[in-house]
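Reading through the structure tokens given below for one structure.
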Amino acid sequence: MDYQELIEEVYQEVQEENLRGKVANYIPELATVDPHQFGIALVDLKGNVYGVGDYQNPFSIQSISKVHTLTMVFPKFDTQLWSRVNVEPSGNPFNSIAQLEYEKGIPRNPFINAGALVITDALCSKFEKPVSQISDFINELAGENCVEINQAVMKSEKNHAARNTALAYFLKSYKNFDNSIDEVLDVYFSHCAIAMNCVDLAKSFSFLANDGYSIFANKEILTESHARRVNAIMLTCGFYDEAGEFAYRVGLPGKSGVGGGVAAVMPHKFSIAVWSPELNEKGNSVKAIRALELLTNKLSFSLF
Ligand code: GLN
């Protein structure tokens, strides 16, 4: 399979479809990005990199960073983590608070905001300098110093933080929050504000296509058993209330962010990052999802 030819074909076809969406603006700084950008990078398990379009432009990875923070925290707590957060799809928007009351302060999964805040809280309990340790960890996964925290995006989200602050207080009222709310929110906004390009993002997901072993860090990041679990959570919860549709149309474990990025893995073959800022009403990139759908259609295989 010629991956370069494949992603170029996908890129061309998506561009011809002229799909439109809306750039996220509830974090005002995200709305300043050029909406027409579109890039794809695919990284195979030999370390070969294939790219097309704006694949070298850094963008705000937002919720994709929730996979990195979960990966840092999971080995520290193992299955005990699941007493604080469930692994069920929510069927609700990423920032929903509704289910948190019915579920007595236990978020449905680690990728909706409520669950990711619990993960960041757990991370703050185990890592002394959480923000720099998250950056170091992702740099290690990508095999180079590629992580930048976009301070303008970080501050912009901090200044429009009513919903996430409410979620954190709600979690605290159920005693599912150990550290200072302000401290954890700062760490959460900082990891969401990480900017990377498609190549480095795909590299940072490579270990999830490779049973937990990163060829860029040259070491095991997660055990094979933990890596399978993270992939299962991505497949069932990675796209919020569009997770079922992503599994149906694309059929790969993946994670989206409101910056317009999607990272996904084809186990034992490759990892891929696609980015285009215009989002559908569920907060997922219109072009990135379409590109991945065309990609698995053309390959004639997916996880299934
Ligand atoms: N930082 C964003 C938020 O908390 C992340 C959301 C996302 O990418 N889906 O709202």
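When the chain is treated as a GNM with alpha-carbon contacts under 10 Å, the residue of E183, E278, E293 showing the greatest mean-square fluctuation is E183.
Each of T296, T120, T69, T79 was scored by other Cβ atoms within 10 Å of its Cβ. Listed from fewest to most, they are T79, T296, T69, T120.
Placing a pseudo-label 7 Å from each Cα along the Cα-to-Cβ vector at N25 and A166 gives an inter-label distance of 2.1 nm. I need the fraction of alpha carbon pairs in the range 151-202 separated by more than 14 Å, rounded to a whole percent. Roughly 57 percent, once rounded to a whole number.
Peptides 231-238, 143-150, ordered by how many other C-beta atoms sit within 10 Å of their residues on average, highest first, read 231-238, 143-150. The convex hull built on the alpha-carbon positions of the range 117-239 has an orientation-averaged projected area of 8.2 nm². Under the shape rule built on the C-alpha gyration tensor, where the axes satisfy a ≥ b ≥ c, the range 1-103 is oblate, since a/c reaches at least 1.5 while a/b does not exceed b/c.
Can you give me the Cα centroid spacing of the range 15-43 and the range 65-94 in angstrom? Cα centres, the range 15-43 to the range 65-94: 27 Å. Ordered by the number of other Cβ atoms lying within 10 Å of each residue's own Cβ, fewest first, I134, I194 fall into the sequence I134, I194. Centroid-to-centroid, using Cα positions, the range 113-173 and the range 226-272 are 20 Å apart. Taking 20 Å as the straight-line reach from the Cα of K287, the lysines in range (excluding those fewer than 8 positions away in the same chain) are K22, K255, K298.
Partners of K46 within straight-line reach, counting lysines whose Cα lies under 21 Å from its Cα and excluding those fewer than 8 residues away in the same chain: K203, K219, K269. Protection proxy ranking for 57-64, 170-177, using the average of other Cβ atoms within 10 Å per residue and placing the highest first: 57-64, 170-177. Protection proxy ranking for 6-17, 254-265, using the average of other Cβ atoms within 10 Å per residue and placing the highest first: 254-265, 6-17.
If you take the beta carbon distance between T223 and K175 as r and set R0 to 22 Å, what does 1/(1 + (r/R0)^6) give as a FRET efficiency, to the nearest 0.05? Between T223 and K175 the formula returns 0.15. Rounded to the nearest 10 degrees, the inclination of helix 286-299 to the longest alpha-carbon principal axis of the chain is 50 degrees.
Only the coordinates and a few stated rules stand behind these numbers; no lab work does. For clarity, every value in this text was computed on a predicted model and none was experimentally measured. Note that each Cβ is placed from the backbone with ideal geometry, even for glycine, and that neighbours are counted across all protein chains shown.
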